[in-house]
Amino acid sequence: MRSPSLARHRPLLVALDFDGVLSPIVDVPEDARPLAGTTQILRDLADRDDVVLALVSGRARASLAAVSGLGEHALLVGSHGAEIDGEHPGLDDGERALLQQVVDGLEQVATEHPGARVEHKPSAGVLHTRVVEAGHARAATSEALQAMSGLPGVHVMQGKDVVEVSVTEASKGAAVRTLREAHHAAAVLYAGDDRTDETVFTTLGPDDLGIKVGPGDTAARVRVADPAAVRLLLRTLRDLLADDA
Ligand SMILES: O=P(O)(O)OC[C@H]1O[C@H](O[C@H]2O[C@H](CO)[C@@H](O)[C@H](O)[C@H]2O)[C@H](O)[C@@H](O)[C@@H]1O
């Protein structure tokens, strides 16, 4: 592990993105699972009194619970931080009407592009283009961005083959700050692979460790290649903590 000093800070908040970090990216979001062996390492970390384990994902919290299988072991933060205290806080009438417009607009785009699909979340709609032919995927993305630009009050994020449109504002950075304070964490380890994870990396201090998974510009201090490298890093952390007990 490149920052053994991190392991000396207790309590340690270990906060991890899910897709592309614990699980490889797959075509069908419901099929994503942690790499073999990762779940046991995470359970071992979560069992420690001096570690707080959190999964911080763009997924709806229910979806995160289903694919991670870690609901009993980790704090689950869904919808990019909007679902941080269990259930989604709910939408007011205006937000609910806006969400319907978002979903209708994205569904309209999806019908024009074979393979495109829309994921429904408590406060967002997501256009998925991963299995769409490249030309169609580009067109679908651009049409979705155009359609959403006419809806005041929405928050648009582009991720890995997704256009995500939320009717409430949330960020993983704010969620991790809340977790850090709530659990009096002395340091934070955070690993993420996507643009939304940059909102966390930019909040980290000198005692923390930000780990970017895969390519792309980043404010993280360390980069690793893929979920297999994340698993190795987590195993090393677990063993360092155990040796130091
Ligand atoms: O914050 P994350 O845990 O990384 O969640 C981000 C999005 O993850 C899911 O989509 C991504 O993973 C899918 C399964 O590997 C893949 O098919 C898709 O192309 C990726 O963008 C999820 O479906 C989204 O709702 C999340 O926002």
Exercise for the section: Please list, ordered by first then second residue, the pairs with beta carbon atoms under 7 Å, 6 or more apart or interchain, first in the stretch 21-32 and part of a loop (DSSP other than H, G, I, E, B), second more than 6 Å from the ligand (Cβ to nearest atom) and open to solvent by 60 Å² or more (accessible area, probe 1.4 Å). Expected result: Asp27/Val131
Exercise for the section: Test Val56 against the stated conditions and say whether it is among the hydrophobic types (A, V, I, L, M, F, W, C) and surrounded by 24 or more Cβ atoms within 10 Å (Cβ to Cβ). Expected result: yes
Practice task
For the stretch 208-224, name all the residues that are in contact with a helix residue (DSSP H, G or I) (Cβ under 7 Å, 6 or more places away or on another chain) and away from the ligand (no atom under 16 Å from the Cβ).
Solution key: Leu209, Ala219
Handout entry: Residues of the stretch 79-90 that turn out to be within 11 Å of the ligand (Cβ to nearest atom) and farther than 17 Å from Ala191 by Cβ, as a count
Key = 1
Completion exercise
Restricting the stretch 60-74 to residues that are more than 14 Å from the ligand (Cβ to nearest atom) and touching a residue at least 24 places away in the same chain (Cβ under 8 Å), the one nearest to Gly135 (Cα to Cα) turns out to be Gly69
Problem - Residue that is modelled with the lowest pLDDT, among those in the stretch 1-49 that are within 16 Å of the ligand (Cβ to nearest atom) and β-branched (Val, Ile, Thr) - result: Val28
Practice task
Can you confirm whether the stretch 33-42 contains a residue that is touching a Gly at 6+ places or on another chain (Cβ under 9 Å), part of a loop (DSSP other than H, G, I, E, B), open to solvent by less than 40 Å² (accessible area, probe 1.4 Å) and more than 18 Å from His88 (Cα to Cα)?
Solution key: yes
Fill in the blank from the handout: How many residues of the stretch 68-99 are out of contact with any Asp or Glu (no Cβ under 7 Å at 6 or more places or on another chain) and within 19 Å of Leu45 (Cα to Cα)? The answer is 9
Fill in the blank from the handout: Arg177 meets each of (1) open to solvent by 70 Å² or more (accessible area, probe 1.4 Å); (2) charged (D, E, K, R); (3) under 17 Å from Arg195 (Cα atoms) with one exception, condition (3)
Handout entry: Filter result for Leu240 (open to solvent by 20 Å² or more (accessible area, probe 1.4 Å) and modelled with pLDDT under 95)
Key = yes
Fill in the blank from the handout: Heads up, the helices (runs of 4 or more DSSP H) in the stretch 125-207 (entirely inside) with at least 1 residues that are away from the ligand (no atom under 15 Å from the Cβ) are 134-149, 172-182
Handout entry: Enumeration of residues in the stretch 208-226 that are part of a strand (DSSP E or B) and open to solvent by 60 Å² or more (accessible area, probe 1.4 Å)
Key = Arg223
Practice task
Determine whether Leu91 is open to solvent by 20 Å² or more (accessible area, probe 1.4 Å), among the hydrophobic types (A, V, I, L, M, F, W, C) and modelled with pLDDT under 95.
Solution key: yes
Exercise for the section: Would you mention how many residues in the stretch 154-167 are at pLDDT 95 or above and either closer than 16 Å to Pro29 by Cα or open to solvent by 20 Å² or more (accessible area, probe 1.4 Å) (or both)? Expected result: 7
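The values are calculated or read from the model by the stated rules, or taken from the named source; none is laboratory data. What you see is a predicted model, and the numbers here were worked out from it, not measured in a lab. We place every Cβ from the backbone using ideal geometry, glycine too, and count neighbours over all the protein chains shown. The protein model used for the area step is the full one, side chains on, heavy atoms only, and it has no ligands, DNA or RNA in it. Shrake-Rupley method; radii C 1.70, N 1.55, O 1.52, S 1.80 Å.
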